[in-house]
Amino acid sequence: MRVFGKECRKLFRPGRSLGLLLFMAAALVLISRTAQFPDTHDKAYEELVKEYGPTLDQAEYQTLLKAKSVYIEELGGEGWSRDRVHWAEIMADESKRQFVFLVDAIERIEEEIQFGYGFAFEKEPTETLKEQLRSCTPQEAARILFIVQTKELPLSSPGICEIMESDPLLLLILVLIGCGVLILPYQLLDKNLETASLMVSTRVGRRIFHLKIRACAAAGAAAAFVAALLHLALLWLNGVMIFWNVPVCGLGLRGIPFWVDLTFGQYLLLWIGLLVLAGITAALLCALAARLSGSFITALTLALPALAIYGWGIHACTAVPLSLWYGDTFPASLFRTAGVPLLVLAALTLASEIVLRLDARRDIL
Amino acid sequence: MLTISEVSKSYGKKRVLDDISIELENGLYGLLAPNGAGKTTLLKLIVTLLSPDRGEILWNGAPVQKLGASYREIIGYLPQQFGYYKYNTPVQYLDYLAALKGLPREGLKEKIFSVLDTVGLSDVAQVKMRKFSGGMIQRVGIAQALMGDSRLLILDEPTAGLDPKERARFRNLIAEMSKNRIVILSTHIVSDVESVSGRVLMLKDRKLVRNQSASALCSELEGKVFEIRVKTDDQAAALKKEHFILSERNEAGSMILRYYSEQPAGLEGERLCPPNLEDLFLVMYR
Ligand SMILES: Nc1ncnc2c1ncn2[C@@H]1O[C@H](COP(=O)(O)OP(=O)(O)OP(=O)(O)O)[C@@H](O)[C@H]1O
Ligand SMILES: [Mg+2]
């Protein structure tokens with residue numbers, strides 16, 4: 001444990017770790033969708049969540065429609081938005097501007113209801129609903145029936161759906177970069193300095209190679225944790241956390257189709273788990289690449305394509321096709337989401353175990 | 001007690017050590033052989049970095065490969081070349097190695113400062129090693145080998161890069177250390193092993209050819225080392241053709257040649273000299 005701690009200290013050189021941390025933070029602030037949150041639509045949804053909670057039931061929907069006509073009155077009746085002078089006046093007034101967003105959000109909801117959720121507020125499955133159910137995959141049908149039964153409409157804003165679609169990839173890329181930045185120099189330093197002869201002749205012996213691999217895996221997990229924490233902090237700073245309990249599984253315009261009903265928060269936690277898994281796998285990949293190569297350049301030429309393929313693969317298996325694989329059964333989808341990274345991890349663990357076993361007999365020249 | 005029993009080692013097809021057997025008790029052993037003779041290879045076998053192709057190495061009768069950590073625990077090893085972290089201070093580096101050696105945390109700081117003092121580095125204990133000279137790095141290496149009070153001290157060319165003052169300090173230290181442990185040091189600098197009491201191990205043609213005290217080794221050449229003052233270059237050239245020249249030096253305008261000869265050459269002015277270890281080295285590896 002003590003040697004493992006020392007190896008971790010060697011791995012997390014203060015300058016490099018701090019640089020990585022700043023790089024991750026800067027990338028998230030500059031590129032992530034979370035950093036642009038909330039836009040005007042999101043603000044309106046925020047208001048609705050504050051008012052009605054994470055979902056909207058039928059009664060609340062009726063209230064909302066009434067509220068909408070009041071807002072429109074306040075704004076000067078139907079056709080208010082066509083008057084440009086009036087528009088400038090409204091925009092100058094803080095409370096009136098809020099009404100505009102609210103009306104906008106309510107209109108979006110109405111639109112969605114017409115588009116996909118209309119049946120949710122019908123008492124009986126209508127002919128159109130029955131028609132629709134027939135053309136659905138079983139999961140879609142289950143989802144529709146769920147909405148019909150609960151008669152609740154999730155208030156997930158378009159912004160959080162975009163966050164869920166685009167931020168995981170950014171986080172994944174950051175974690176892969178983090179693994180490369182931390183692990184390649186750490187592994188190659190010992191290799192190039194030929195510290196092995198001193199290390200292996202001490203009490204630890206060849207077990208040091210195990211400990212080094214473990215330190216790398218810990219670095220991968222840590223990079224994932226830190227990236228996730230930074231992302232969570234950004235979500236919190238930008239007020240996205242208010243949507244924590246909003247169900248995000250949806251159809252059509254809003255929400256990410258998913259095989260189980262997850263709230264935004266649960267979806268994030270799931271993603272953090274997956275990210276840590278990806279971090280550990282990428283770490284092993286880097287550790288092996290460094291073990292197999294002598295110089296930084298060869299290690300990079302090995303590690304970069306491997307990381308890129310792995311990153312693309314895991315992204316393809318998780319974020320992108322959630323909607324495409326909506327037709328899958330839950331176990332099949334779960335396999336593609338967590339199973340593929342787990343399989344790769346198992347293969348890499350096996351590979352490093354073999355390398356370590358060979359090392360145990362190898363002469364240290 | 002360390003027993004090296006019929007050990008052979010090859011790198012690929014190249015045999016480096018062949019059937020080496022030595023028994024070592026507490027005391028100092030100087031492994032003296034020219035470059036490439038296999039000194040480093042033998043020491044690496046002892047510290048388990050290499051495993052022998054044939055034969056085995058035993059510590060108090062038990063094979064060292066089987067003993068594993070409990071054997072490595074008693075080793076202090078200075079490799080001929082060792083990697084160190086430039087961004088570390090000697091204290092940080094020794095602290096790291098202490099963890100690898102499994103030394104107890106209690107009293108570690110004091111121990112580190114005391115070994116650094118022993119090698120004369122206490123002034124720079126907290127200076128990053130990137131600012132160190134080659135000799136200072138070598139002394140950090142010696143310090144780490146001394147840390148932990150090892151029963152078996154294996155030093156591969158420990159005096160490389162040390163100045164005369166440090167070399168003298170090191171010799172005294174080793175003489176003291178070898179009283180109650182096995183110290184093996186490899187060198188091709190004869191004076192490192194000449195003045196200390198202990199045994200000299202010599203490797204030649206992959207075999208161990210000598211395992212004796214320095215004085216016993218020198219006595220082999222008793223009556224065979226001569227010096228003569230030569231006046232002309234022709235005289236010198238003639239002598240060089242006939243005998244194996246050990247050294248030549250200039251003294252008061254004329255040249256003094258030291259040479260090896262089985263019998264006195266019967267030359268005028270020839271003088272019998274007491275042989276030294278360097279003579280033996282030169283004769284043996286001529
Ligand atoms: N890793 C290696 N691969 C192949 N041959 C090697 C290797 N290491 C050493 N040798 C060969 O083995 C022989 C003995 O090498 P070794 O390093 O043991 O010699 P040495 O006595 O320590 O020499 P020096 O005084 O120069 O340190 C040399 O001829 C060398 O070329
Ligand atoms: Mg050597």
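Each value in this text was obtained by applying a stated rule to the coordinates, not by laboratory testing. What you see is a predicted model; the values in this text were computed from it and never measured. Every residue, glycine as well, gets a Cβ built from its backbone with ideal geometry; the counts of neighbours run over all protein chains shown.
Summary table below
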quantity	calculated
For residue B:246, distant residues with modelled amide H under 5 Å away	B:258, B:259, B:260
Value of relative contact order over region B:135-277, rounded to a whole percent, pairs C-alpha under 8 Å and six or more apart	19 percent
Sorted peptide list for B:205-218, A:88-101, A:156-169, B:178-191, criterion being average Cβ within 10 angstrom, highest first	A:156-169, B:178-191, B:205-218, A:88-101
³J(HN,Hα), Karplus 6.51/-1.76/1.60, whole Hz, each residue of region A:278-294, x for Gly, Pro	5, x, 5, 4, 4, 5, 4, 4, 5, 4, 5, 4, 5, 5, 8, 10, x
Set of aspartates and glutamates near residue B:207 by C-alpha distance (under 18 Å), chain-local residues within fewer than 8 positions excluded	B:6, B:18, B:19, B:23, B:53, B:56
The protein assembly as shown: C-alpha pair distances exceeding 49 Å, %	42 percent
Listed residue (B:238, B:273, B:252) projecting farthest to the positive dipole end of region B:219-285, Cβ model	B:252
Under the Debye formula (equal points on every Cα, no solvent term), log10 I(q)/I(0) of region B:219-285 at q = 0.19, 0.20, 0.29 Å⁻¹	-0.68, -0.76, -1.43
Pairs beyond 23 Å (Cα-Cα), from B:165/B:204; B:131/B:165; B:66/B:86; B:101/B:204	B:165/B:204; B:66/B:86; B:101/B:204
Shielding by other protein chains, B:242-253, mean Cβ within 10 Å	0
Test item: Cα-centred dipole of the protein assembly as shown, Lys/Arg +1 and Asp/Glu -1 on Cβ, debye	2960 debye
Region B:245-257 - phi-based ³J(HN,Hα) in whole Hz, Karplus 6.51/-1.76/1.60, Gly and Pro as x	7, 8, 7, 9, 8, 9, 9, 6, x, 10, 9, 10, 9
Under 5 Å, built H, 5+ apart or other chain: amide partners of residue B:210	B:202
At q = 0.09, 0.13, 0.16, 0.17 Å⁻¹, base-10 log of I(q)/I(0) for region B:2-216 (Debye sum, equal scatterers on each alpha carbon)	-0.35, -0.74, -1.10, -1.23
Computed over region B:219-285: relative contact order in percent, which uses C-alpha pairs under 8 Å that are six or more apart	46 percent
Degrees, to the nearest 10: B:90-101 long Cα axis against longest axis of chain B	80 degrees
On Cα atoms only, tilt of B:164-177 relative to the major axis of chain B in degrees	70 degrees
Chain lengthening between residue B:254 and residue B:285 when straightened (0.36 nm per residue, less Cα-Cα)	8.3 nm
Lys, Arg +1 and Asp, Glu -1 on Cβ, resulting dipole of region B:219-285 about Cα centre, debye, nearest 20	140 debye
For region B:56-62, 3J(HN,Hα) per residue [Karplus equation, 6.51 cos²θ - 1.76 cosθ + 1.60, θ = phi - 60°, Hz, x = Gly/Pro]	8, 10, 10, 10, 6, x, 9
Percent RCO, i.e. relative contact order, over chain B, from Cα pairs under 8 Å lying at least 6 residues apart	20 percent
Kirkwood Rh and Cα Rg combined as Rg over Rh, evaluated for region B:118-277	1.10
